[in-house]
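A.B. asks: For reference, the structure I am asking about is given below.
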Amino acid sequence: MAAEYTTFGLAPAMRAGGVLPDGDYRVHRDFVDFIVDGRPLLFRLSDLDAVSPLASDVPPAIFTAQVRSLLLETEAPLPGGRYVIYGCPECEDLACGAVTAVIRRDGEDFVWRDFAWQTGEHADLDLNGYHGIGPFRFPGAEYRAALAALLDGSAHTRRRVLLIGDRVALLAKLAAALRTIGIGADITRDAGDVPADELRDYGAVAFGNAVTEEERTAVRRAFADAGTDVAHVDGLAPIVPLLVAQIEHALDRGPAERRRLTRLTADATAADVEVTSPCRVRLTAYRVDRLRRTRTHEVFDGVLEPGGHRIALDARTVKGESFVVARAPGSVLVAAVTHGKPH
């Protein structure tokens, strides 16, 4: 049966990195996702932690080669006319597994079909095929225009953050954690002396609690004078993994409706989480005790179906000044725990 026409588009996306409670880390990756019929194609693949080949951190020559490959201007990289649609976010090695598909031209149209999970040179459609996905027929002009627009370099996002505050030791640890997961970070006390060209390289600016409102206004003015729009992050607490999560959320410039995590609130008894597609969600609680020590508790790790979910919290893990971080493969949200009396 011939594939029916569907729309094709592209949109910025990210694979949320982060510093994990056990000291391990996940690499942050910004990439361009495929929007099929108005919805990210990655969301159709359920709980898949992967990125497209159109990642912003690859060298420009490789990025261009990937675009031209999807335009069928070069030979298919895998036998049978197969192309990698999503790959491992850590190493991009086919042996780790990848979603592949056959891409062919049919007249002026482009058709993606026979999606499969592939770990070797050849795909086994009977064993590892995604039988409920595709085939998709994309109008040629729309398909070519979307991909060709990437060749001007606009897909490369700003993945640096400027850290402003007094606590040098904390900022140094935060900068090191961000760099570990692939986000550039610089520390300053006054952005007024930073050249405008350098300010334009930042995607976010994060303020420590001790930074005064006057100083924050001066920093915002410096960025405005440089003609650049950045996200502003007010640090919730001196907890490095929490601050990393705040900054990652700020760097996610994709539209809210195309994120997997769309809402997170928390009180002393439960966290309310809303997701848009089936995905693995991890909830971690952080709190600062009376001696200003950080306490970390993993409170949930499982696959959630689309919709709202209320996840119980142990009151002992979120007493006092505490926060909850929710992570999914492509999203991260942070919420302060409220301790008001129930209505």
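FYI, it's all coordinate maths here, none of it is from the lab. Bear in mind that the values here come from a model prediction, so they are computed numbers and not experimental data. As a convention, Cβ positions derive from the backbone with ideal geometry for all residues, glycine included, and neighbour counts pool all protein chains shown.
A.B. asks: Please state the equivalent ellipsoid semi-axes for the chain: what are the square roots of 5 times the Cα gyration tensor eigenvalues, largest first, in whole Å?
C.D. replies: For the chain, the semi-axes come out at 38, 25, 17 Å.
A.B. asks: Among bridges DSSP assigns within the stretch 185-330, what percent are antiparallel (round to 5)?
C.D. replies: Here the share of antiparallel DSSP bridges comes out near 85 percent.
A.B. asks: Taking 2.2 N^0.38 Å as the expected size of a compact globular protein, what ratio does the Cα radius of gyration of the stretch 185-255 give against it, to two decimals?
C.D. replies: 1.09
A.B. asks: Let me ask you something else. Shape of the stretch 187-343 from its Cα gyration tensor (a ≥ b ≥ c, root eigenvalues): rounded if a/c is under 1.5, otherwise prolate when a/b > b/c, or oblate?
C.D. replies: Because a/c hits 1.5 or more and a/b fails to exceed b/c, the stretch 187-343 counts as oblate.
A.B. asks: Right, another one. Can you check what the net charge comes to around residue 318, using other residues whose Cβ is under 9 Å from the Cβ of residue 318 (Lys, Arg +1; Asp, Glu -1)?
C.D. replies: +1
A.B. asks: How many percent of DSSP beta bridges within the stretch 86-235 run antiparallel, rounded to 5? Show your work: numbers first, answer last.
C.D. replies: Details: 13 of 27 bridges.
If we restrict to bridges inside the stretch 86-235, about 50 percent are antiparallel.
A.B. asks: For every other residue with a beta carbon closer than 12 angstrom to the beta carbon of residue 336, add +1 if it is Lys or Arg and -1 if Asp or Glu, then tell me the sum.
C.D. replies: -2
A.B. asks: When you take every Cα atom in the stretch 248-316, what is the radius of gyration, and what is Dmax, the widest Cα pair distance, in Å?
C.D. replies: For the stretch 248-316, the Cα-based Rg and Dmax read 13.7, 41 Å.
A.B. asks: Can you find, among 271, 66, 256, the residue sitting farthest towards the positive end of the charge dipole of the chain, where Lys and Arg contribute +1 and Asp and Glu -1 at Cβ?
C.D. replies: 271
A.B. asks: Could you sort the peptides 66-75, 237-246 by per-residue average Cβ neighbour count (10 Å cutoff), highest mean leading? Before the final figure, lay out each step's value.
C.D. replies: On the way: 66-75: 15.5, 237-246: 22.7.
Packing order, densest peptide first, comes out as 237-246, 66-75.
A.B. asks: Obtain the nm distance between the two label points defined at residue 168 and residue 270 by a simple spin-label model: each point lies 7 Å from its Cα along the Cα-to-C-beta direction.
C.D. replies: Using points 7 Å along Cα→Cβ, the separation is 4.8 nm.
A.B. asks: Further question on the same structure: Please sort by residue number the trypsin sites (Lys or Arg not before Pro) in the stretch 267-343 whose DSSP state is loop and whose Cβ has at most 16 other Cβ atoms within 10 Å.
C.D. replies: Passing both the DSSP loop test and the Cβ count: 290, 292, 293, 319.
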